[in-house]
Every structure is written in structure tokens, then in C-alpha cells.
Amino acid sequence: MQTIKRLVELREAVDALKNGGKSVALVPTMGALHEGHLTLVREAARRADHVIASIFVNPRQFGPNEDLDAYPRRLAADAALLEAEGVAVLWAPTVDQMYPDGYATNISVSGVSEVACGAARPGHFDGVATVVCKLFNQVRPDLALFGEKDWQQLAVIRRMARDLDLTLPHADAIIGVPTVREASGLAMSSRNQYLTPAERDQAAGLSAAMRRTIAAIEGGADVSASLANLEADILAAGFLSVDYADLRDAVTLEELATFTGQAARLLVAARIGGTRLIDNMGLGPN
């Protein structure tokens with residue numbers, strides 16, 4: 001596996017991998033890899049001839065009071081995991097490579113980026129859309145894979161690809177991979193390592209409460225009442241606060257007051273201890 005930190009070298013490596021019509025899949029990450037990331041890598045290897053993984057802790061998607069400085073960075077350990085999975089290239093640019101002096105461009109995706117986490121974290125999805133578009137242009141992958149755990153991020157990236165007529169990858173080649181969960185049901189996340197053992201046990205109550213809510217809504221219960229019960233259940237499990245608990249259209253992320261069997265997602269963000277966790281689950285034909 002090549003570990004590359006300069007764009008000129010990345011482009012040479014990509015050209016070599018694509019020689020002879022070979023396909024390339026991209027798995028973008030911010031590092032601190034866990035089984036969820038490795039599941040993306042394995043699915044990428046199943047779908048393409050070569051896999052490129054990126055590790056870049058993107059400062060533009062962190063707010064002024066968020067955990068940029070504390071975000072875990074362990075490049076050597078992550079590189080070993082990726083090499084063991086057969087990744088061809090690790091693209092690990094510096095901030096200066098990604099945002100050189102004078103950088104002045106920002107991508108903003110209205111609508112899907114303005115609700116849920118977008119409302120709670122202003123500017124976050126501008127940072128996500130900008131860095132992912134740059135990664136797509138740098139790597140020129142035939143397909144890219146993202147975890148469904150951040151469903152809103154996936155929706156934003158797909159909308160950006162459609163609106164900007166991206167071809168490498170085109171919007172339909174942006175693949176969502178189902179959330180990988182711990183045995184307790186807790187969605188795997190790099191931020192889980194911030195949890196104490198007691199908080200980790202309590203955090204498992206989030207997914208359990210969401211499953212009960214989905215069963216109620218699919219059984220015909222009132223959506224508003226079910227969401228209110230969900231917030232109460234999350235707090236009772238030991239969470240300090242709930243940023244949002246929404247039922248939304250799976251594609252547009254428009255809020256749903258009723259459920260009639262359409263493709264929908266239950267999206268939640270809640271805080272336990274000093275950690276903010278997100279999760280989502282599907283209803284209808286997802």
C-alpha cells in the first residue's frame with residue numbers, strides 16, 4: 001500500500017491504478033478507523049479493482065466549539081488496518097495540501113443540509129460537501145462508499161453530485177453501506193471511544209428506543225406522539241439532551257407528519273456525557 005500526502009503523487013498513482021481500464025473505489029474517512037470503516041473497505045474491494053482510502057480530519061466541518069483538536073488521530077495504526085485489507089493507496093493529505101494559501105471556495109447544498117444536524121451545526125455540511133467534492137476531483141473514483149450511519153451526510157453528497165453533474169463518481173455510484181453496530185445495538189462511531197464504560201452501556205438505549213418507535217409508527221401510531229415518547233425514552237436511558245428526533249423523507253429529508261409506507265428515516269442526535277451521538281434507521285422501502 002502506498003501512503004501519499006502530496007496531490008501530484010496521488011494523481012500519478014491514480015493514473016497507474018486505472019491503467020488498462022481498471023476501476024477504482026474511494027472510501028473517504030477522518031481516520032480513527034473501526035469495523036464500520038473496514039466494512040466500507042471490504043464492500044469497495046468487492047465492487048472495484050482497486051480501493052483508495054482517504055484520511056483527512058477536515059477542519060471546515062467542525063464548529064468553533066467542537067472537538068477538532070481532540071478528534072482522534074492515529075495515522076500509523078489506521079494505515080496498518082487498511083494495508084491488511086488490501087487497500088492500494090492511502091491518501092492522507094495535510095491541511096495545506098487540501099486548503100492551500102488563498103483558498104476561497106465553498107460548496108453549499110441547500111435543503112437537505114439545513115435540517116437536523118445542519119440546523120444544530122451551522123456550516124457543517126458546507127465543510128462536508130466541499131471536502132468530498134475535492135476528494136472526488138482528486139481521486140476521480142468510479143464509485144465511492146459511505147456509511148449510512150450519517151444518513152444526512154449521504155443525502156447531501158448525493159444531492160451535490162446530481163446538482164454539479166459529477167461523473168467520477170456519478171450520483172448513482174455513491175453507495176450507502178448499512179450501519180455497523182456493536183453487539184448492544186450501539187452504532188459504531190469514532191466518537192464512541194469518548195464514552196466511559198457506564199455511558200457506553202447507557203448509550204445502547206438509543207437504538208433500542210428507536211426500534212420501539214419505528215414499530216409504533218409502522219403499526220399506525222401518531223408520529224408526533226411517537227417522537228415525543230422517543231425523546232422521553234432517550235432521556236430516561238441516561239442521555240443528557242436530545243438535539244433532534246425526526247421522521248423525514250429518505251431522499252429529500254423533508255419532515256413527515258404522517259407515515260403512509262413511503263421511504264423514510266428516523267434520525268436522532270443526542271448527548272451523553274460530553275459526547276454527541278447520531279443514529280438513524282429506515283422505515284418503508286429503504
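The values are calculated or read from the model by the stated rules, or taken from the named source; none is laboratory data. Since we're looking at a predicted model, the values are computed, not measured. All Cβ positions, glycine included, derive from the backbone under ideal geometry; neighbour counts span all protein chains shown.
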* Asked: Restricting the search to the range 33-47, which residues are surrounded by fewer than 20 Cβ atoms within 10 Å (Cβ to Cβ) and either assigned to a helix (DSSP H, G or I) or of a type in the set (A, V, I, L, M, F, W, C) (or both)?
  -> Glu35, Leu38, Thr39, Arg42, Glu43, Ala45, Arg46, Arg47
* State the number of residues belonging to the range 255-283 that are touching a residue at least 40 places away in the same chain (Cβ under 8 Å) and either assigned to a loop (DSSP other than H, G, I, E, B) or within 17 Å of the chain's Cα centre (by Cα) (or both). => 16
* **Selection within the range 174-190 - surrounded by fewer than 19 Cβ atoms within 10 Å (Cβ to Cβ) and out of contact with any Phe, Trp or Tyr (no Cβ under 9 Å at 6 or more places or on another chain)** => Pro178, Val180, Arg181, Glu182, Ala183, Ser184, Gly185, Met188
* Return yes or no: is Val242 touching a residue at least 24 places away in the same chain (Cβ under 8 Å), assigned to a strand (DSSP E or B) and not basic (Lys, Arg)? => yes
* Would you mind finding the one in Ala88, Ala79 that is farther than 30 Å from Ala245 by Cβ, more than 16 Å from the chain's Cα centre (by Cα) and crowded, with 20+ Cβ neighbours inside 10 Å? => Ala88
* To do: Among residues belonging to the range 5-46 that are of a type in the set (Asp, Glu) and in contact (Cβ under 8 Å) with a residue 24 or more places away in the chain, point out the one that is farthest from Leu143 (Cα to Cα).
  => Glu35
* To do: Residues being under 23 Å from the mean Cα position of the chain (by Cα) and either among the small types (Gly, Ala, Ser) or on the phi > 0 side of the Ramachandran plot (or both): count how many of those fall in the range 213-254.
  => 4
* To do: Evaluate the range 10-32: report whether one residue or more is under 16 Å from the mean Cα position of the chain (by Cα), part of a loop (DSSP other than H, G, I, E, B), surrounded by 17 or more Cβ atoms within 10 Å (Cβ to Cβ) and at pLDDT below 95.
  => yes
* Residue check for Ala187: out of contact with any strand residue (DSSP E or B) (no Cβ under 8 Å at 6 or more places or on another chain), aliphatic (A, V, I, L, M) and either at pLDDT 95 or above or more than 22 Å from Leu68 (Cβ to Cβ) (or both) -> no
* Structure fact -> Per the list (1) charged (D, E, K, R); (2) surrounded by fewer than 16 Cβ atoms within 10 Å (Cβ to Cβ); (3) not in a loop (DSSP other than H, G, I, E, B), residue check on Glu66 breaks on (3)
* **Number of the exception - Phe146 against (1) under 18 Å from Thr29 (Cα atoms); (2) in contact (Cβ under 8 Å) with a residue 24 or more places away in the chain; (3) in a helix (DSSP H, G or I)** => (3)
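Results for (1) in a helix (DSSP H, G or I); (2) surrounded by 19 or more Cβ atoms within 10 Å (Cβ to Cβ), shown as yes or no for each residue.
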{"residue": "Asn106", "(1), (2)": "no, no"}
{"residue": "Gly111", "(1), (2)": "no, no"}
{"residue": "Ala119", "(1), (2)": "yes, no"}
{"residue": "Pro122", "(1), (2)": "no, no"}
{"residue": "Phe125", "(1), (2)": "yes, yes"}
{"residue": "Val128", "(1), (2)": "yes, yes"}
{"residue": "Val131", "(1), (2)": "yes, yes"}
{"residue": "Asn137", "(1), (2)": "yes, no"}
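Condition check ((1) closer than 22 Å to Arg276 by Cβ; (2) at pLDDT below 95; (3) in contact with a Lys or Arg (Cβ under 9 Å, 6 or more places away or on another chain)) across all residues:
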| residue | (1), (2), (3) |
| --- | --- |
| Arg158 | no, no, no |
| Ala161 | no, no, no |
| Leu166 | no, no, no |
| Ile174 | no, no, yes |
| Val180 | yes, no, yes |
| Gln193 | yes, yes, no |
| Gln202 | yes, no, no |
| Ala208 | yes, no, no |
| Gly219 | no, no, no |
* Asked: Can you find a residue in the range 43-51 that is among the acidic types (Asp, Glu) and within 19 Å of the chain's Cα centre (by Cα)?
  -> yes
